[in-house]
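A.B. asks: There's a structure below that I have some questions on.
The values are calculated or read from the model by the stated rules, or taken from the named source; none is laboratory data. Since the model is a prediction, treat every value here as computed from it, not as a measurement. Counting neighbours? That spans all protein chains shown, and the Cβs are built from the backbone with ideal geometry, glycine included.
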């Protein structure tokens, strides 16, 4: 009887140690390995291409990568237009990796029916092409992008000063001031919009953008959104386009603007 | 009469010898294992950001990694937790149930297998994440399984550290046991 009792005690102690061992593995890490040295200048710029998800759906995407290691990718056409991915990345040689948050957009949600997901990307840069894979909480897939050199152009806030007409997205026209401040409206929920634009690197046409939405009909829309902006020249319309891609912790927005005549 | 309480397989082999419980708990090994585990936790507190460490984050412990190690030691430092983990749990398990070479070997191989499995799983995140049930995300600790796979990085050096930790633990246990036999 005593042997049986001792054996039971040992068995349960062993079970506790086994569970503790596994728990300490899982609980000790959610990405602690970290990433390599940030050297992202060579990868900065404007990228366009396609993304293919785990169900072989292919989407046309455009992306901005900044010299300080931020990236924003957005589905730029089709029913999922506006679905975006935001994150940071680092480079080691020609290989990059990063973490991202994905935001549902257009008529689409993610496969797990969530509107916000997180994930990781790994990619390699070979000349003007960037290709890689992503893994998120609900999906995995590949992407392939081609570099567009046109944002390797010096930019000052004076270049952005003026009124910009909304061509895509849910913002109204915006008025940008010489100090980078701007005002406008977010049409679907009648929000007042106040924002600011700052230059990340004067040699590149890429900016940081902060948007604050106030007095929205739906209070959930109120809040501060941060992201990137880029000034490009659209060959099709023969016009400059200032694109902003921003997100809060749960929501995302984008806007493509052209200069007012 | 054989007790009606039966434990099969490896556990039976380790716990019983001809139906008798002979093994006494080795508190020294248990203490060594617990101490090494504590050392591992301290390592995380000192050298890893709480933002990226689930247990620090959930215990409300805020830590910023200090960068006092020369870069040449960073590689070793990054793999140290893998070494400490397998060593600590081999010590604790052996202290509880094993006292012979065969038992030590089984304990070492078991923890080596477990640690290697979890390390490799970080490289198979695109296969494993889709099969993690959604209800995991509502349960303490299990909620981190997805992030563990998603953000953890498979590293051959971690595999090496696990192997070295297992071998060192086995040698420590057997040499220690031999020393005791000489004392007798």
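A.B. asks: For segment A:238-258, which positions are over 20 Å from residue A:88 (Cα atoms), in contact with a strand residue (DSSP E or B) (Cβ under 8 Å, 6 or more places away or on another chain) and free of Cβ contacts under 8 Å to residues at least 60 places away in the same chain?
C.D. replies: A:239, A:240
A.B. asks: Given the criteria surrounded by fewer than 14 Cβ atoms within 10 Å (Cβ to Cβ) and touching a strand residue (DSSP E or B) at 6+ places or on another chain (Cβ under 9 Å), does residue A:144 qualify?
C.D. replies: Against the criterion (surrounded by fewer than 14 Cβ atoms within 10 Å (Cβ to Cβ) and touching a strand residue (DSSP E or B) at 6+ places or on another chain (Cβ under 9 Å)), residue A:144 does not qualify.
A.B. asks: Could you go through segment B:81-99 and let me know if any residue there is under 25 Å from residue A:119 (Cα atoms) and either in contact with a helix residue (DSSP H, G or I) (Cβ under 9 Å, 6 or more places away or on another chain) or modelled with pLDDT of 80 or more (or both).
C.D. replies: yes
A.B. asks: Here is a follow-up. With respect to residue A:77, is the statement that it is at pLDDT below 85, over 14 Å from the mean Cα position of the chain (by Cα), surrounded by fewer than 21 Cβ atoms within 10 Å (Cβ to Cβ) and within 19 Å of residue A:46 (Cβ to Cβ) true?
C.D. replies: yes
A.B. asks: So, one more: Would you be able to say whether some residue in segment A:13-20 is in contact with a strand residue (DSSP E or B) (Cβ under 6 Å, 6 or more places away or on another chain), modelled with pLDDT of 85 or more and either away from chain B (no Cβ under 13 Å) or under 30 Å from residue B:26 (Cα atoms) (or both)?
C.D. replies: The answer is no; no qualifying residue exists.
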